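Working notes, structure below.
The values are calculated or read from the model by the stated rules, or taken from the named source; none is laboratory data. Note that this is a predicted model, so its numbers are computed, not measured. Here Cβ is always computed from backbone atoms with ideal geometry, including for glycine, and neighbour counts include all displayed protein chains.
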Amino acid sequence: MNTMRNGFPEGFYWGGAIAANQAEGAYLEDGKLPSTADIKARGFFGGLRRDADYYPTHRAIDFYHRYKEDLALFGEAGFNIFRTSINWTRIFPTGEEDVPNEKGLQYYEDLFREAKKNGMTMMITISHYETPLNLVDKYGGWDNRKFIDFYLKFVRTIATRFKGMVKFWLTFNEIGNAAVIPICWDAAGLHPESENLEQRMYQAAHHQFVASALATKMIHEIDPDAQVGAMIAYKTVYPYTCKVEDVKAAEAAKRKEYFFSDVQARGYYPAYIWRYFEENGIRIAMERGDEEIIRAYPIDFITFSYYRSRVVSADYEEPAEKTTDTLEGLVNPHLPKTDWGWTVDPDGLRLALNELYDRYQLPLFVVENGLGARDTVEADGRIHDSYRIDYMSAHIKAMREAVKDGVDLRGYTMWGPIDIVSNGTGQMSKRYGIVYVDLDDDGNGTGNRSKKDSFAWYQQVIASNGEIL
Ligand code: BGP
């Protein structure tokens with residue numbers, strides 16, 4: 001049992017998480033070529049759009065050039081961990097080169113050294129929706145087996161170069177989201193309008209499982225001190241009523257999402273998914289040896305994003321026309337919602353932690369959590385974001401309860417500690433940060449950084465190891 005201090009284990013990781021494509025900008029600089037994220041139109045259903053003037057990921061918050069200033073702020077807040085992704089197209093601009101782009105490698109090396117200087121351990125998402133566009137154009141999506149080799153070449157390159165500099169590697173961001181969210185289909189090269197989407201999605205997932213297992217093996221061989229984790233999107237599921245049909249529907253919905261971490265953590269396809277495949281005419285093409293690979297190299301720990309819970313009913317029919325609103329599904333009448341319609345449910349996080357720990361008995365990290373909100377800059381330049389403090393405080397309290405329940409929770413990286421471009425909406429005005437960035441939805445503004453009230457609050461939380469909330 002770990003020594004505890006104020007309800008959290010001694011040495012608990014406190015910090016923040018971003019994704020390269022939502023923060024860096026400089027999207028064609030130093031040899032980089034576009035990834036799927038760089039041509040993603042705004043909104044969950046925007047699809048891919050080749051518009052050279054498209055602002056969000058092209059310039060983002062210019063973290064590419066301003067990372068020193070930003071990491072210094074995170075250091076000042078007391079972060080001992082920082083999660084970001086390595087943008088694949090900085091290292092292999094087309095995905096097909098034999099030789100990596102040195103400028104890209106150098107950039108991340110400098111970034112990691114700077115983070116260390118500021119007291120932070122690195123957690124890296126290898127693939128955070130940043131698939132090289134050239135690969136998608138030429139080979140389709142992850143349902144094409146060729147992607148495994150392109151990905152592994154990328155992994156070998158970064159694991160070798162950053163040996164000793166990255167402690168935690170996550171193989172795919174929110175791997176299970178490919179099952180439910182259109183923007184993730186785009187990232188995997190599976191356009192929402194393509195035929196047999198579900199079949200293609202599960203085939204793509206299979207290739208990602210094999211790739212993830214081989215990446216785990218590879219990273220362990222290259223750097224025995226590094227650990228490899230799964231990253232899933234977790235939405236705690238409640239049945240809408242106690243009608244058995246609703247409970248069954250909720251169970252089915254849960255399994256649909258658990259499937260991904262079940263395979264990555266347990267090392268095999270669960271029986272329930274074979275039944276689902278059979279009943280839905282889904283056939284997965286596997287090569288000899290795939291199942292052995294998945295079994296031999298499971299991940300070391302589980303990480304997840306938690307923003308909200310959801311409710312499921314057997315009677316709810318999804319509207320034919322999907323919009324961001326209908327994506328949210330049924331409304332839980334007992335919970336408040338954010339401006340973007342996401343339920344606010346801290347207790348759901350405690351349940352999530354317990355469910356995941358009961359299921360896998362593996363160390364857990366909450367690697368994304370936070371409140372997307374509109375902030376107002378007061379006349380004196382201050383930002384009084386008490387709503388964000390309330391949100392985070394309640395979620396951290398829920399984590400503390402889960403730790404008391406016996407969950408082996410290792411760390412918390414709040415989402416977007418500095419305001420970045422929202423992934424789902426492409427907006428800058430959906431802000432998560434404790435650090436404000438002066439840019440609007442069209443990219444107008446100075447880009448200057450300033451501390452919100454939540455900055456000092458989080459700093460205290462970290463300094464007190466979660467006591468002062
Ligand atoms: C997760 C993604 C992130 C992130 C976050 C918040 O699904 O991993 O990339 O952006 O959600 O979502 P949004 O930016 O749409 O508010």
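For the stretch 404-427, name all the residues that are away from the ligand (no atom under 16 Å from the Cβ) and not basic (Lys, Arg). Once the filter is applied, which keeps residues that are away from the ligand (no atom under 16 Å from the Cβ) and not basic (Lys, Arg), the stretch 404-427 yields Asp405, Gly406, Val407, Asp408, Leu409, Gly411.
Out of curiosity, is Thr89 surrounded by fewer than 17 Cβ atoms within 10 Å (Cβ to Cβ), at pLDDT 95 or above and of a type in the set (S, T, N, Q)? Here the answer is no, as Thr89 does not meet what is asked. Glu287: closer than 26 Å to Pro336 by Cα and either surrounded by 15 or more Cβ atoms within 10 Å (Cβ to Cβ) or of a type in the set (D, E, K, R) (or both), yes or no? Judged against the criteria, Glu287 is not a match. Put simply, of Tyr139, Tyr129 the only residue that is of a type in the set (Phe, Trp, Tyr) and more than 22 Å from Met231 (Cβ to Cβ) is Tyr139. The set of residues from the stretch 340-362 being in a loop (DSSP other than H, G, I, E, B) and under 18 Å from Tyr258 (Cβ atoms) comprises Gln361, Leu362. Would you say Glu378 is at pLDDT 95 or above, assigned to a helix (DSSP H, G or I) and not aliphatic (A, V, I, L, M)? It is false that Glu378 is at pLDDT 95 or above, assigned to a helix (DSSP H, G or I) and not aliphatic (A, V, I, L, M).
Do you know which of the residues in the stretch 428-456 that are away from the ligand (no atom under 16 Å from the Cβ) and among the basic types (Lys, Arg) is surrounded by the most Cβ atoms within 10 Å (Cβ to Cβ)? So the residue we want is Lys452. Applying a threshold of 8 Å to beta carbon distances and a minimum spacing of six or more residues, or different chains, the list of pairs starting in the stretch 102-130 at a residue that is on the phi > 0 side of the Ramachandran plot and more than 16 Å from the ligand (Cβ to nearest atom) and ending at one that is of a type outside the set (S, T, N, Q) and in a helix (DSSP H, G or I) reads Gly119/Gly75. Would you confirm whether or not the stretch 145-165 contains a residue that is at pLDDT 95 or above and within 16 Å of the ligand (Cβ to nearest atom)? No, the stretch 145-165 contains no residue that is at pLDDT 95 or above and within 16 Å of the ligand (Cβ to nearest atom).
Among the residues that make up the stretch 47-57, is at least one of them at pLDDT 95 or above and buried (at least 17 other Cβ atoms within 10 Å of the Cβ)? No: the stretch 47-57 contains no residue that is at pLDDT 95 or above and buried (at least 17 other Cβ atoms within 10 Å of the Cβ).
Residues in the stretch 79-95 that are charged (D, E, K, R) and over 18 Å from Gln106 (Cβ atoms): Arg83 only. One residue alone among Asp339, Asp390, Asp315 is closer than 15 Å to Tyr432 by Cα, out of contact with any Lys or Arg (no Cβ under 6 Å at 6 or more places or on another chain) and away from the ligand (no atom under 16 Å from the Cβ), and that residue is Asp390. Only one of the numbered conditions (1) within 16 Å of the ligand (Cβ to nearest atom); (2) in contact with a Ser or Thr (Cβ under 6 Å, 6 or more places away or on another chain) is not met by Asp246, and that is (1).
Does Gln203 fit the bill of being more than 16 Å from the ligand (Cβ to nearest atom) and within 16 Å of Ile302 (Cβ to Cβ)?
Considered against the rule, which asks whether it is more than 16 Å from the ligand (Cβ to nearest atom) and within 16 Å of Ile302 (Cβ to Cβ), Gln203 comes out as no.
Annotation note: of Asp262, Asp339, Asp358, the sole residue that is of a type in the set (D, E, K, R) and surrounded by 15 or more Cβ atoms within 10 Å (Cβ to Cβ) is Asp262. I need the full set of residues from the stretch 344-375 which are within 14 Å of the ligand (Cβ to nearest atom) and under 13 Å from Thr236 (Cα atoms), in order please. Passing the criteria: only Val344.
Can you pull out the residues in the stretch 268-283 that are out of contact with any Asp or Glu (no Cβ under 9 Å at 6 or more places or on another chain), in contact (Cβ under 8 Å) with a residue 24 or more places away in the chain and surrounded by 13 or more Cβ atoms within 10 Å (Cβ to Cβ)? Hit for the stretch 268-283 is Phe277, nothing else. The listed residues are Thr241, Thr236, and the only one of them that is of a type in the set (S, T, N, Q), at pLDDT 95 or above and loosely packed, with under 15 Cβ neighbours inside 10 Å turns out to be Thr241. Could you please let me know if Thr376 is within 23 Å of Leu335 (Cβ to Cβ), surrounded by fewer than 23 Cβ atoms within 10 Å (Cβ to Cβ) and of a type in the set (Val, Ile, Thr)? Spelling it out, it is not the case that Thr376 is within 23 Å of Leu335 (Cβ to Cβ), surrounded by fewer than 23 Cβ atoms within 10 Å (Cβ to Cβ) and of a type in the set (Val, Ile, Thr). Being crowded, with 24+ Cβ neighbours inside 10 Å, under 25 Å from Asn101 (Cβ atoms) and not small (Gly, Ala, Ser) is a property that Tyr129 has. Listed by first and then second residue, the pairs with beta-carbon distance under 6 Å, at least 6 apart or on different chains, first residue in the stretch 339-360 and β-branched (Val, Ile, Thr), second surrounded by fewer than 24 Cβ atoms within 10 Å (Cβ to Cβ) and not in a helix (DSSP H, G or I), are Thr343/Arg308; Thr343/Ser309; Thr343/Asn332; Thr343/Leu335; Thr343/Lys337; Val344/Pro336.
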